[in-house]
Structures are given as C-alpha cells and as structure tokens.
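Have a look at the structure below, then the notes.
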Amino acid sequence: MNKYLVIIGISLLICFFAFSNAKAEETINKNDLHKKSDVENLNNVKHVYSYNSYAISENKKTDKQFLANSLLFNDFFSGISTYKDLLVEFEKDIYSKLFLGNAVDVYGITYGYNCNGGRAGGTLCTYGGVTLHENNHLDKEKNIPINLWVDNYKKEVPLSTVKSDKKIVTVQEIDAKVRKYLSDEYKIYENDALGGNIQKGLIVLDSHSYKKSLDLYKIKGKTADSFLKIYSDNKTIENDRLHIDVYLYTK
C-alpha cells in the first residue's frame with residue numbers, strides 16, 4: 001500500500017513541475033524578446049538598476065514646476081551633499097496637474113546626467129513614480145509573490161523580495177525592486193565574460209484586472225535620461241491581488 005502511495009506522490013510531483021514549466025513555455029514566446037546584445041550600454045543599465053540612487057519619500061507637497069509636465073521639489077534630499085532638489089517629469093501634464101499642491105509619495109530612479117531644471121548642479125531628475133498619499137496605504141507592507149522561471153524551469157524566490165504598503169503602486173517601484181533582485185541574483189545586466197549568462201528576459205506584473213509586461217533588454221538609448229523614460233507614463237497597478245511572473249533565458 002505504501003509503495004503505491006509513494007508512486008502516486010511521485011507522479012503528482014512530476015505532473016506539477018511539468019505543468020509549471022509548460023505554463024512558462026505557453027505564456028511567453030521568447031523569440032519576441034530583445035537580446036542582451038541589443039543593449040547599447042549595458043554598464044549604464046547595470047549601474048541604474050544595481051547601484052543607482054532612488055528618490056523615495058512620503059507625504060511630500062510642492063506647488064513648483066519647471067515645465068507644465070513636471071513637479072519640482074526643493075530640498076527633497078537631506079542626506080546627499082551635492083543634490084538638494086528633485087525634478088519629476090511626466091509624459092503628459094495631466095499627471096502634474098493631479099499632483100500639484102497635493103500630498104504625494106515618490107519612488108523613482110534618479111539620474112543626474114542631462115537633468116535640466118531646478119538649481120544647476122543641485123538637482124536630480126526622475127520620470128514618474130508618484131502616487132497620491134491620502135488613503136493609499138495599507139496597515140503594513142504586503143509581500144508580492146514572484147514566480148520565476150529560468151529556461152522554463154521554476155526557481156524559488158523569497159516571498160519578502162518585493163513588498164509595498166501602497167494600495168495603488170507605480171509600475172516603476174515594483175519593476176525597480178524586481179530588477180534589483182535579478183541583478184543581484186542572476187546578473188542580468190552583467191557581461192557574459194563576468195558571469196552574466198542571462199540573454200533574454202521578461203517581467204510581467206499581473207493584478208488580474210491589469211497586466212503590464214516589461215522586456216528586460218528593450219532599452220532605448222545609452223544613458224539613464226533616455227532609457228528611464230519608460231516610466232514617464234506614471235503607470236500604476238493595484239497591489240491587492242498583484243503577483244509577478246519573471247521569465248529568464250540563457251540562450
């Protein structure tokens with residue numbers, strides 16, 4: 001009897017892994033993805049997602065702008081000696097109109113090169129990354145589960161890897177946290193000679209009511225002021241039922 005139970009258990013386990021791997025294969029056509037070799041300046045991308053500074057703050061207000069599609073926060077940074085101000089740029093001015101004069105939370109990847117606006121030499125820029133502060137916070141941070149496949153084989157990711165206490169969170173915040181983890185653990189933006197064996201990859205944010213896909217190597221431009229523009233649309237997603245699917249390929 002025990003022998004048959006063991007056989008049944010093994011069979012179910014095999015079916016589970018076969019289903020998991022099949023799910024990855026059926027969902028994504030890796031031929032549609034950009035290759036790491038397509039990236040013009042891999043080192044700049046690695047610097048941004050692995051080591052770059054972030055503009056992170058809650059309950060901030062400003063009535064200042066540089067252009068109509070921007071927000072300018074004076075004295076945003078307190079612990080950085082060189083930079084004091086933050087300039088947030090949006091794809092459209094409807095976002096700046098929504099946030100101007102209201103309490104907001106900011107989570108954005110910053111850049112200094114080609115950052116134009118604010119005090120010269122004393123301002124960092126970011127694209128989007130803004131949500132309204134009022135009534136947008138949970139009682140505690142929520143862990144956002146990640147399903148990760150490498151060459152269609154499921155890998156374990158600690159549940160606490162990505163979390164947020166926001167009810168509505170920007171795609172930028174979640175994407176930045178996922179790419180930081182993948183950079184640290186899988187060297188996604190490292191050259192092949194230095195151990196970066198991942199060649200293609202995709203992040204899918206899925207809240208059941210909305211899905212956002214991000215090609216890891218669809219990088220437009222050589223510098224952060226160019227390739228970070230993907231966040232200027234300030235896209236947001238509901239945290240409640242959010243999960244993340246990641247697909248990595250070594251060839």
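Every number here is computed from the coordinates shown, using simple stated rules; none is lab data. This is a predicted model, so every value here is computed, not measured. Note that each Cβ is placed from the backbone with ideal geometry, even for glycine, and that neighbours are counted across all protein chains shown.
Structure above, values below:
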{"item": "Relative contact order (%) - criterion: Cα under 8 Å, at least six apart; region: the chain", "result": "24 percent"}
{"item": "Computed magnitude of the charge dipole of the chain (debye, nearest 20; Cβ of K, R +1, Cβ of D, E -1)", "result": "300 debye"}
{"item": "Rg followed by Dmax, in Å, when the range 125-226 is reduced to its Cα trace", "result": "15.2, 48"}
{"item": "Ratio of Rg to Rh over the range 52-132 (Cα coordinates, Kirkwood Rh, two decimals)", "result": "0.91"}
{"item": "Furthest towards positive pole of dipole, 96, 135, 125, structure part the chain, Cβ charges", "result": "125"}
{"item": "Estimated FRET transfer efficiency (residue 243, residue 132; beta-carbon r; R0 30 Å; 0.05)", "result": "0.80"}
{"item": "Relative contact order for the range 52-132, counting Cα pairs under 8 Å that sit 6 or more residues apart, in percent", "result": "36 percent"}
{"item": "FRET efficiency for residue 194 and residue 63, using Cβ-Cβ distance with R0 set to 51 Å, rounded to 0.05", "result": "0.65"}
{"item": "Gain in span if fully extended, residue 140 to residue 159, counting 0.36 nm per residue against the direct Cα distance", "result": "5.3 nm"}
{"item": "Correct option for Kirkwood radius over Cα pairs in Å [calculated from the coordinates] among (1) 23.4; (2) 19.6; (3) 21.4", "result": "(2)"}
